[in-house]
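The values are calculated or read from the model by the stated rules, or taken from the named source; none is laboratory data. Since this is a predicted model, take the numbers as computed values, not measurements. Positions of Cβ are backbone-derived with ideal geometry, glycine not excepted, and every protein chain shown enters the neighbour counts. Heavy atoms of the whole protein, side chains included, go into the accessibility calculation; ligands, DNA and RNA do not. Shrake-Rupley method; radii C 1.70, N 1.55, O 1.52, S 1.80 Å.
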Amino acid sequence: MSVHVLVDADACPVKEEIYKTAYRLKTPVTLVANSYLRTPEHPLIQMQIVSDGFDAADDWIADQATAQSLVVTADILLAGRCIEVDATVLAPTGKPFNSSNIGGAIATRAIMADLRAGLEQTGGPAPFSNKDRSQFLNALDRELGRLIRANP
């Protein structure tokens, strides 16, 4: 199997960056969502629509992910599932998720969920910035290049 990008696409703010990098590196991309999203008509870009069941997109991505996959997701639990099969995982901010940092990220997520359940004001994530976009593009280029070199 060749290198492939899997995108948790519903709220992904970096789809255009993914397309441009995929065209340049000739890497197939599958966007996964539970409803139709407009995508470029290009042989490298595929849209996978899943049911609107709870975690249906996450389940599809986790089932398809391999060591030759680069997964783009902000979902920490999905990132953990993909890391278990040695997939490369990036957040839309460019932050890599890996076996060294996923445990802490999952623990922090659980703490924040508990705070929200107790009605603590947590403020939510920072707004997505141009710096995040640039960091993502650099990380995507670096990680896809690494995967392509390792899987000719």
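See the values below:
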item	result
Positions within segment 20-38 being within 20 Å of Arg149 (Cα to Cα), crowded, with 16+ Cβ neighbours inside 10 Å and either under 14 Å from the mean Cα position of the chain (by Cα) or of a type in the set (Phe, Trp, Tyr) (or both), in sequence order	Val29
In segment 65-89, the residues that are open to solvent by less than 50 Å² (accessible area, probe 1.4 Å) and acidic (Asp, Glu)	Asp75
Yes/no for Glu17 being charged (D, E, K, R), surrounded by fewer than 16 Cβ atoms within 10 Å (Cβ to Cβ) and either without any contact (Cβ under 8 Å) to a residue 40 or more places away in the chain or within 20 Å of Ile148 (Cα to Cα) (or both)	no
Condition met for Ala62 (at pLDDT 90 or above, in contact with a strand residue (DSSP E or B) (Cβ under 8 Å, 6 or more places away or on another chain), buried (at least 16 other Cβ atoms within 10 Å of the Cβ) and closer than 22 Å to Leu140 by Cα)	no
Flag if Ser129 is closer than 20 Å to Ala62 by Cα, modelled with pLDDT of 70 or more, under 18 Å from the mean Cα position of the chain (by Cα) and exposed (fewer than 13 other Cβ atoms within 10 Å of the Cβ)	no
Contacts under 7 angstrom Cβ, first residue in segment 63-89 being under 18 Å from Val29 (Cβ atoms), partner of a type in the set (Asp, Glu) and open to solvent by 60 Å² or more (accessible area, probe 1.4 Å), 6 or more apart	Ala67/Asp86
Residues that are hydroxyl-bearing (Ser, Thr, Tyr) and under 24 Å from Ala67 (Cβ atoms), drawn from segment 1-37	Ser2, Tyr19, Thr21, Tyr23, Thr27, Thr30
